[in-house]
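Submitted below is the structure of interest, expressed as structure tokens.
FYI, it's all coordinate maths here, none of it is from the lab. Everything numeric in this text was worked out from a predicted model, so none of it was measured. Using ideal geometry, Cβ is built from the backbone for each residue, glycine included, and neighbour counts are taken over all protein chains shown.
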Amino acid sequence: MLTTRQSANRSPWGVVVAAAALLFAGYSAMASADDIKVVLSGDQEIPPATTTASGTGIFSVAPDKTVRGRVTIAGMTPIFAHIHEAPAGKTGPIVLPLVQTADNTWSVPEGAKLTDAQYESYKAGNLYYNVHSAAYRGGEVRGQIKP
């Protein structure tokens, strides 16, 4: 009698099923239906940055106000990234510093939570991703987080 592992090794379908399961598991860990998609660009900065850099992000808040999210940047070398609190067109204080988790990916630290006031700002659309570079110390790309 063959074990499941031996069957998978002998059947091309076993390999396909295993690969599909890994792909789905990886995708599930990356994004969920509750994630807010965020587009970052230089024209959202205050003042606008003349750059070809861009970014994409995801952001979500659990019922206990735990935050999960990340941004991936292209066309620039980020030196640091944050989530700030302010409406579009304004600048504001840092709410959460992000940590670099890959060359051009910055993520919310594990277990980060919003305060009650920050959560209200989030619901009002007053949080944003901001990614800084050596050329644009105040921020090269920005993306408003709109629930």
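Going Cα to Cα from LYS37, which lysines come in below 17 Å? Please leave out same-chain ones fewer than 8 positions away.
Cα-Cα hits under 17 Å: LYS123, LYS146.
Okay, next question. Are there any GluC sites (Glu not before Pro) in the stretch 73-147 that are in a DSSP loop and have at most 10 other Cβ atoms within 10 Å? List them by number. Working shown, then result.
Values: sites: GLU85, GLU110, GLU120, GLU140; in loops: GLU110, GLU140.
Sites meeting the loop and neighbour criteria: GLU110.
Can you work out the FRET efficiency for the pair ILE36 and ALA102, with r the C-beta to C-beta distance and R0 = 22 Å, to the nearest 0.05?
On the way: r = 21 Å, r/R0 = 0.94.
The pair ILE36/ALA102 has a calculated efficiency of 0.60.
If you take the beta carbon distance between ALA88 and LYS65 as r and set R0 to 30 Å, what does 1/(1 + (r/R0)^6) give as a FRET efficiency, to the nearest 0.05? Intermediate values should be presented prior to the final figure.
Numbers: r = 22 Å, r/R0 = 0.75.
Working from the Cβ atoms, E equals 0.85.
Need one number: nm distance between label points at GLU110 and ALA124, each 7 Å from Cα along Cα→Cβ, rounded to one decimal.
Calculated label separation equals 3.4 nm.
Starting from 0.36 nm per residue, how many nanometres of slack lie between ALA135 and ASP43 once their C-alpha separation is accounted for?
Numbers: separation 92, 0.36 × 92 = 33.12 nm, distance 1.52 nm.
Between ALA135 and ASP43, full extension yields an extra 31.6 nm.
Give the aspartates and glutamates reachable from LYS65 as a straight Cα distance under 19 Å; neighbours fewer than 8 places away on the same chain don't count.
Cα-Cα hits under 19 Å: ASP34, ASP35, GLU85, GLU110, ASP116, GLU120.
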